[in-house]
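Reviewing the structure listed below.
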């Protein structure tokens with residue numbers, strides 16, 4: 001069977017294990033059912049997720065022009081503390097920025113091989129945690145907008161990392177429970193004084209179960225350097241497809257790529 005289309009990040013459903021669906025131009029392919037089967041991938045072009053141009057993808061699924069112009073690729077996506085929509089100030093498109101920034105956000109702790117701090121819109125829980133490959137996750141603050149969450153994260157990342165090390169995440173086989181509640185209690189003292197009211201002890205730690213077993217060795221590859229790849233799918237974690245021999249592909253970093261997939 002063969003599919004062809006533009007890659008978007010895998011859709012997920014939190015189950016035991018998590019269910020994954022590869023999105024190719026709107027066709028959803030249930031990847032869990034392909035574990036143990038040989039998959040062929042062929043890179044055949046690009047299609048910007050914003051304008052649809054065939055220009056080479058620059059970053060985050062966008063061509064270079066859209067990456068520097070689209071509100072969906074603005075600095076506040078990566079650095080929420082730069083948000084200004086709550087002040088009525090426009091960065092690229094104020095109406096879009098209001099939709100993204102002026103909604104409830106969650107500051108959280110997640111275990112992805114290390115304990116890290118992160119920010120996401122409340123309606124993206126637990127999707128954001130799954131996309132990062134978190135084994136455990138726990139909210140530590142709930143805010144009214146993105147700026148407030150970003151300011152808390154800035155303070156806390158002086159004490160905890162805010163980025164996921166993909167190799168540690170994929171190499172991790174932690175079986176025991178990480179006590180994120182203890183981390184939450186200890187880190188409360190580092191909340192900025194003006195933002196302490198957003199600290200929360202509500203919510204229980206979530207454990208996430210992936211259809212994945214760590215390989216002996218991990219070797220990441222891209223479709224730019226390997227435009228044709230064939231291998232047995234062994235598992236999935238985060239947004240990574242793990243193939244026989246420890247070869248892993250980050251689907252998220254291939255958004256906007258046009259591929260042919262067959263199995």
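Out of 193, 228, I need the residue that is modelled with pLDDT of 95 or more and under 30 Å from residue 56 (Cα atoms). Which one? Show your work before the answer.
Numbers: 193 fails: under 30 Å from residue 56 (Cα atoms).
Being modelled with pLDDT of 95 or more and under 30 Å from residue 56 (Cα atoms) holds for just one of 193, 228, which is 228.
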- Starting from residues that are surrounded by fewer than 16 Cβ atoms within 10 Å (Cβ to Cβ) and touching a residue at least 40 places away in the same chain (Cβ under 8 Å), keep the ones in segment 16-49 and report whichever is nearest to residue 210 (Cα to Cα). 16
- Query: Pick from 118, 36, 52, 45: which is assigned to a strand (DSSP E or B) and more than 24 Å from residue 162 (Cβ to Cβ)?
  - Reply: 45
- Item | Any hit, segment 97-112, residues being surrounded by fewer than 18 Cβ atoms within 10 Å (Cβ to Cβ) and closer than 23 Å to residue 19 by Cα | no
- Item | segment 55-91, residues that are buried (at least 17 other Cβ atoms within 10 Å of the Cβ), part of a loop (DSSP other than H, G, I, E, B) and free of Cβ contacts under 8 Å to residues at least 60 places away in the same chain | 70, 74
- Among the residues of segment 116-130 satisfying the criterion of being crowded, with 19+ Cβ neighbours inside 10 Å and touching a residue at least 40 places away in the same chain (Cβ under 8 Å), which is nearest to residue 85 (Cα to Cα)? 118
- Message: I need the full set of residues from segment 172-204 which are closer than 27 Å to residue 241 by Cβ and surrounded by 15 or more Cβ atoms within 10 Å (Cβ to Cβ), in order please.
- Response: 172, 178
- What single numbered condition from (1) in the same structural domain as residue 172 (by TED's automatic domain parsing); (2) at pLDDT below 95 fails to hold for residue 110? (2)
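Within segment 50-70, is even one residue under 29 Å from residue 210 (Cβ atoms), touching a strand residue (DSSP E or B) at 6+ places or on another chain (Cβ under 8 Å) and not assigned by TED's automatic domain parsing to the domain that holds residue 6? Lay out the reasoning, then the answer.
Initial filter on segment 50-70 (under 29 Å from residue 210 (Cβ atoms)): 57, 59-62.
With the extra rule that they be touching a strand residue (DSSP E or B) at 6+ places or on another chain (Cβ under 8 Å), the set shrinks to 57, 61.
Then drop every residue that is not not assigned by TED's automatic domain parsing to the domain that holds residue 6, which leaves none.
No, the conditions are met nowhere in segment 50-70.
The values are calculated or read from the model by the stated rules, or taken from the named source; none is laboratory data. The structure displayed is predicted, hence computed values, not measured ones. Cβ: placed from backbone, ideal geometry, glycine included. Neighbour counts: every protein chain shown.
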